[in-house]
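The values are calculated or read from the model by the stated rules, or taken from the named source; none is laboratory data. From a predicted model like this one, the values you see are computed outputs, not experimental measurements. We place every Cβ from the backbone using ideal geometry, glycine too, and count neighbours over all the protein chains shown.
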Amino acid sequence: MYRILLAEDDAALAGAMEKTLLDYGHAVRRVTDFRDVTGEFLAYQPQLVLLDLMLPYYSGYHWCSELRKRSDVPILFLSAASDNMNIVTAIGLGADDFIPKPVDGMVLNAKIQAALRRSYELHGAGQTLRFHGAELHPGDASLVYEGRHIELTKNELRMLQVLLDNKGRIVSREDLMRALWQSDLYVEENTLTVNVGRLRKKLEENGLRSVIVTRPGSGYLIP
């Protein structure tokens, strides 16, 4: 059983989601003070956060940024405004996924289960992998290059692991999505593109350029 903190100000929707999560065997706490989501997070110590984009007082973006200063637990955004810019902004702030409203119970549970597996089963597995003069350390989700220690998110770590396990071979978008989310059925079309772009930018900012190659219509590879 995992503890889930639900920050949703629509009481009817929050109640329905809480019932769904309880039915799937999770423990749930609903945020009651939307002026202090961080305080409720620290008090409950959840293993996953469901965070509505539009909240009273401060937006979900604000709270995502605040929570990321304190924890790397999975954060899944909830929003009816699931346009590309919202997805890009959410992932850029450290969110793990984006769930559009109206929320389907099966989709909700599938995305939660995938995020939990990435965080608590896949994270930390594997041996050191070397490429382009860099070393990937899955144990602490970090990359070392030219003396610099680069921290990776769970998705960034998993993407690099999959691409390096297939070094020199193209990994299809479908295979990469399944590796990240355990399914490609409930993933927004451009979510993978955003994740790959964010990882590529982080690598380039630290001197690792042209590491991830895109093969249009096929997928990605690390040569």
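The number of residues in region 151-169 being under 12 Å from the mean Cα position of the chain (by Cα) and of a type outside the set (A, V, I, L, M, F, W, C) comes to 5. Only one of the numbered conditions (1) buried (at least 19 other Cβ atoms within 10 Å of the Cβ); (2) in contact with a helix residue (DSSP H, G or I) (Cβ under 6 Å, 6 or more places away or on another chain); (3) closer than 30 Å to MET54 by Cα is not met by LEU136, and that is (3). Does ASP72 count as acidic (Asp, Glu) and either under 16 Å from the mean Cα position of the chain (by Cα) or surrounded by 21 or more Cβ atoms within 10 Å (Cβ to Cβ) (or both)? Criteria met by ASP72. Contact annotation: residue pairs with Cβ atoms under 6 Å, 6 or more positions apart or on different chains, pairing a residue in region 210-221 that is at pLDDT below 90 with a partner that is in a loop (DSSP other than H, G, I, E, B) and surrounded by fewer than 16 Cβ atoms within 10 Å (Cβ to Cβ), are SER218/ILE170. The residues of region 195-211 that are over 24 Å from PHE98 (Cα atoms) and either in contact with a helix residue (DSSP H, G or I) (Cβ under 9 Å, 6 or more places away or on another chain) or not in a loop (DSSP other than H, G, I, E, B) (or both), listed by number, are GLU204, GLU205, LEU208, ARG209, SER210, VAL211. Just to be sure, is VAL37 of a type in the set (Val, Ile, Thr), surrounded by 17 or more Cβ atoms within 10 Å (Cβ to Cβ) and farther than 29 Å from MET85 by Cβ? Answer is no for this residue.
Residue-level check: of (1) within 23 Å of LYS111 (Cα to Cα); (2) of a type in the set (A, V, I, L, M, F, W, C); (3) free of Cβ contacts under 8 Å to residues at least 40 places away in the same chain, VAL49 misses just (3). Condition test on LEU157, is it touching a helix residue (DSSP H, G or I) at 6+ places or on another chain (Cβ under 8 Å) and modelled with pLDDT of 85 or more? The answer is yes for LEU157.
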